[in-house]
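See structure below.
Laboratory data are not the source of any read-out in this text; all were calculated from the coordinates shown. Bear in mind that the values here come from a model prediction, so they are computed numbers and not experimental data. When we count neighbours, we look across all protein chains shown, and the Cβ atoms used for this are built from the backbone with ideal geometry, even at glycine.
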Amino acid sequence: MAKRGILLLNMGGPNNLDEVELFLRNMFADPAILPMHPWLRRMIGKRIVKKRLHEAQENYRQLGGKSPLTDITDALAAKVEALTGLPTLPAMRYVPLFAAESLQAMREQGIEEIVCFPMYPQYSTTTTESSWQDIQMHCAMMGYAPTLHLVEPYYADPAYIDILLDRVRVASQGVNTADYTLILSAHGLPRSIIEAGDPYQEHVEQSVVAIREALDQAGMPFASVELAYQSKVGNAAWLEPNLADMLRHPSNFKVMILPLAFTIDNSETHFELDVEHRLIANKLRYDDYRVVSCPNEGDDFAKFIAEKIDAL
């Protein structure tokens with residue numbers, strides 16, 4: 001039997017302030033993020049990095065000088081490895097631990113079959129596809145030919161939805177959920193990417209349906225359950241409704257925000273949701289504003305991943 005290993009695919013997050021520039025440069029050099037002619041992508045990417053670098057570094061400084069993503073992912077990988085008995089490593093897209101480093105470690109351990117688990121519940125060309133192509137490219141460049149498997153999107157998997165509901169239960173302790181609006185916040189994308197055939201929006205909307213049904217079945221009523229998109233940049237048309245706009249025009253002054261497209265907490269959850277968007281709620285004097293944690297390194301999420309690997 002072939003010796004197996006597991007890679008947890010993600011974009012990654014800066015491990016220190018010096019890596020913020022590397023993160024931005026690699027992100028905006030990715031054809032999946034800026035799908036245009038290479039010379040134009042280099043020019044525009046350079047402008048974006050120059051414009052955003054100082055602000056991004058300041059944001060990470062407020063988070064303690066780094067993204068929480070790496071430490072959480074390392075803890076999750078250790079749990080998955082303990083459950084499966086298989087070598088498990090992150091494979092980050094834009095900062096270490098890069099795919100090439102993880103693949104080299106797999107090759108040195110004699111791994112002949114690698115299962116890639118995307119840390120993105122919904123499929124997008126900008127996330128899962130970009131990471132998957134990165135793995136394949138580096139295998140070819142290294143002359144390393146393990147059998148590769150990609151775990152299917154799990155955006156509406158009942159077991160995964162149960163994990164999200166558990167995080168909502170934790171965030172709801174001591175309050176009546178019927179008094180709150182639950183906002184399911186997904187990372188936004190330019191409409192041009194969706195119109196080019198990216199299935200992300202459809203997957204997000206199916207996630208919303210699955211969560212609403214699961215909440216009903218679990219007897220967890222909310223005043224309403226709404227979908228919003230966050231993290232818009234630039235002037236192009238992005239998926240709507242925008243979370244910041246929704247918070248500025250509230251129908252309810254008690255809200256819980258559930259990050260819908262992240263499995264690991266990162267700057268978009270810890271800073272954008274829990275700092276920047278909380279400022280909006282505070283300025284408008286919301287009665288309560290709560291951010292639900294991601295699955296992170298929870299035992300239930302580690303078990304979910306292990307079961308997905310075992311099923312292949």
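Worth a mention:
- Proximal lysines to LYS232, defined as alpha-carbon separation beneath 27 angstrom and excluding residues fewer than eight positions away on the same chain: LYS46, LYS50, LYS51, LYS66, LYS254, LYS283
- Low-density loop positions, GluC sites (Glu not before Pro), region 75-148 - DSSP coil, at most 16 other Cβ in 10 Å: GLU112
- Label-to-label distance, ALA311 versus PHE253, with points set 7 angstrom from Cα along the beta-carbon direction: 4.5 nm.
- Subtracting the Cα-Cα distance of ASN16 and ALA196 from 0.36 nm times their residue separation leaves 61.3 nm of extension gain.
- Listed residue (LEU89, ILE48, LEU247) projecting farthest to the positive dipole end of the chain, Cβ model: ILE48
- For the pair GLN173 and GLU213, a Förster radius of 22 Å applied to the C-beta separation gives a FRET efficiency near 0.45, rounded to the nearest 0.05.
- Set of lysines with alpha-carbon distance to LYS3 below 21 Å, sequence-local pairs under 8 removed: LYS79, LYS303, LYS308
- Charge-dipole axis of the chain as Lys and Arg at +1 and Asp and Glu at -1 on Cβ define it, positive-most pick from MET11, PRO153, LEU164: MET11
- Order by protection proxy (mean Cβ within 10 Å, highest first), peptides 46-59, 281-294: 281-294, 46-59
- Euclidean distance of C-alpha centroids, region 222-238 and region 59-94, integer Å: 27 Å
- Whether the chain is rounded, prolate or oblate, judged on the alpha carbon gyration tensor where a/c under 1.5 counts as rounded: oblate
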